[in-house]
Amino acid sequence: MKFYALFALAFFCFSLFAFGQDSLEAAPDLQEKPKVELAGVSDVPAAKRPKSPDPQKAAEAEKKDEADSAQKTRETIKFGIDSELSELVQKLIDNDDPRYSGELYDLFKQTKSPAVRDKILDYFTKLEDPCLEDYAVTVLNDPYEERNSTVERVFRYTAAVKTKAAVPAVVALLESDNENYFSPALTTLGEIGGEREAEYLVDYLDRADLTTPQRQALMKVLGKIKAVQTFDSLVEIAKDDGENIFVRCYAAEAIGAMKKQEAIPVLLKLFESPDPNLRCYVIKGISNFDTKEAHDLIVQAIKDSQYKVRLDAIDAAAQIKLKDAVPFLIYRAKNDPEAAVKKKAYEKLAAYEDGDADKFLVGQITEKKTSDTVKRQATEALLKYGKAGRSEIASWAQNLATDDTKKSCRRDVGKLMTKYPDPAFAKACAAYIASGDKDTKSIGLDMYTAGKYSSCQDEIRKIADDKKFGSLQKRAQKILGIEEE
């Protein structure tokens, strides 16, 4: 009898244990979810040469060359001192010139100058070329002996070329005690991370030890990485009047970036805030939606009393090519009390490449009553951002070339045509070269170097053959490939 009692008791205990296990398995939410572990030492990618230069960028850069500038560039790369090399590489960055990537890669591997290495890293960051991924990951695995400026550049490079191999090292730096690495590591993770990284960052929302700048950076990255698991939490943060205003701002932008329709009514309500900073970020967030409510809010924001909100609204309208916004942008371009808003309106109207926008901008150049300041503003916008108005700009420039009462405007327009060459500018270039003003002639030579207008060669030859032009004669000879006598 005692045996059966003991057996029954044992069976009861076993059944209870088994039932408990089944219950836990049936209710996984009662178990603690394991945290995502990402930190570690990254595997260093294999070394690789730079990509082949982009043919279009290479051709555009070549147009800016004078007779032997390519040869001089290669000589400087091979023989130049640190300051000469840094200056040269910066020039290549400014010109978006990819032609010397092979030579600069070899120099990067050879040089002992940290300044030159940093500048070359900037170059490949601009080109978004992954050829230095092995170097970048090596530095991120152990950055503590490197200069802060170098580590900052490595973070930017890693983000630009989307080096996913760097994730373990970046997360390790995020979790380190070095506060200098937190924000750049977080920003970089936002660029190179995916779903697992988003899941990892969710835990950071509950951390009480983050500083306000760190919380601001976290909000930005959660939107960038589209961590939709955090949507509800970020909505509450954005709506919290007691929260730091910029944390709220970045949270508002982030919930918009996640593109959940539930964000729209939240953002519409947040735009009623008296704080212009929050209104700015609401516009950034709502620009992710292609709905009537979103479009209406953007148009209304172009009329906001705070100029910073108007600037962001103009950006948002142009980003989605919002046709209904064009009349509002034209009005801002003509009448806004803030110069920055006027400038932005001109730029974005040009980028629209819209019939009404182009008609307005070209009309600003051809209308005789328009001031030179406005004409110049419209010219810059069209050359930098649009495609219309080239013949009208050229015609105006030809008139300026012979008007010595407008030397300042003539110089500015000539420099713009040098920066953005176009076949339509050939006659204007010839008019500048033929000018009796030395500075105007010099700009004309710059225009020719940029645009290679063959019809201007006779005017250049006149300068090359006449000693009275001094230094300009030497420049003209150099452009034509004539050896100095």
Scale the Cα Rg of region 267-337 by the rule-of-thumb value 2.2 N^0.38 Å and send over the ratio, two decimals. 0.99
Å² per residue, accessible surface of the chain at 1.4 Å: 53
Hey, got the dipole for the chain? About the Cα centre, +1 on K and R Cβ, -1 on D and E Cβ, debye to the nearest 20? 1900
Where does region 65-121 land on Rg/Rh, using Cα atoms and the Kirkwood Rh? 0.93
Within the set of other residues whose C-beta is less than 14 Å from the C-beta of Asp241, count the net charge using Lys and Arg as +1 and Asp and Glu as -1. -2
Ignoring ligands, DNA and RNA, what percent of the accessible area of the chain is carbon or sulfur (1.4 Å)? 50
Going residue by residue through region 130-135, the Karplus relation 6.51 cos²θ - 1.76 cosθ + 1.60 with θ = phi - 60° gives ³J(HN,Hα) values, rounded to whole Hz and with x marking Gly or Pro, of x, 5, 9, 4, 4, 5
Given 95-108, 310-323, the highest-first ranking by average Cβ count within 10 Å works out to 310-323, 95-108
Would you work out if the chain is rounded, prolate or oblate? Take a ≥ b ≥ c from the square roots of the eigenvalues of the alpha-carbon gyration tensor; rounded if a/c is under 1.5, else prolate when a/b is larger than b/c, oblate otherwise. oblate
Spatially proximal lysines relative to Lys375 (Cα-Cα < 19 Å; intrachain offsets below 8 disregarded): Lys334, Lys342, Lys343, Lys344, Lys348, Lys359, Lys384, Lys387, Lys406, Lys407, Lys415, Lys419
Packing-wise, with mean Cβ within 10 Å as the measure, how do 434-441, 236-243 rank, highest first? 434-441, 236-243
Charge dipole of region 258-407 about the Cα centre (unit charges at C-beta), most positive-ward option of Asn335, Asn277, Leu297: Asn335
Given region 39-186, what whole percent of its Cα pairs are spread farther than 24 Å? 34
Kindly report, to the nearest 10 Å², the accessible surface of Thr187 as traced by a 1.4 Å probe over protein heavy atoms only. 80
Report the equivalent ellipsoid semi-axes for region 192-328 in whole Å, largest first, defined as the square roots of five times the eigenvalues of the gyration tensor built from alpha carbon atoms. 26, 16, 12
How much solvent-accessible surface does Glu175 expose, in Å² to the nearest 10, with a 1.4 Å probe and all protein chains in place? 90
Using only the Cα atoms, work out Rg/Rh for region 248-394, with Rh taken as the Kirkwood radius, to two decimals. 1.03
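The values are calculated or read from the model by the stated rules, or taken from the named source; none is laboratory data. Bear in mind the structure is a predicted one, so any value in this text is a computation, not a measurement. Cβ atoms come from the backbone with ideal geometry, glycine included; neighbour counts cover every protein chain shown. All accessible areas refer to the heavy atoms of the entire protein, side chains included, with ligands and DNA or RNA removed. Shrake-Rupley method; radii C 1.70, N 1.55, O 1.52, S 1.80 Å.
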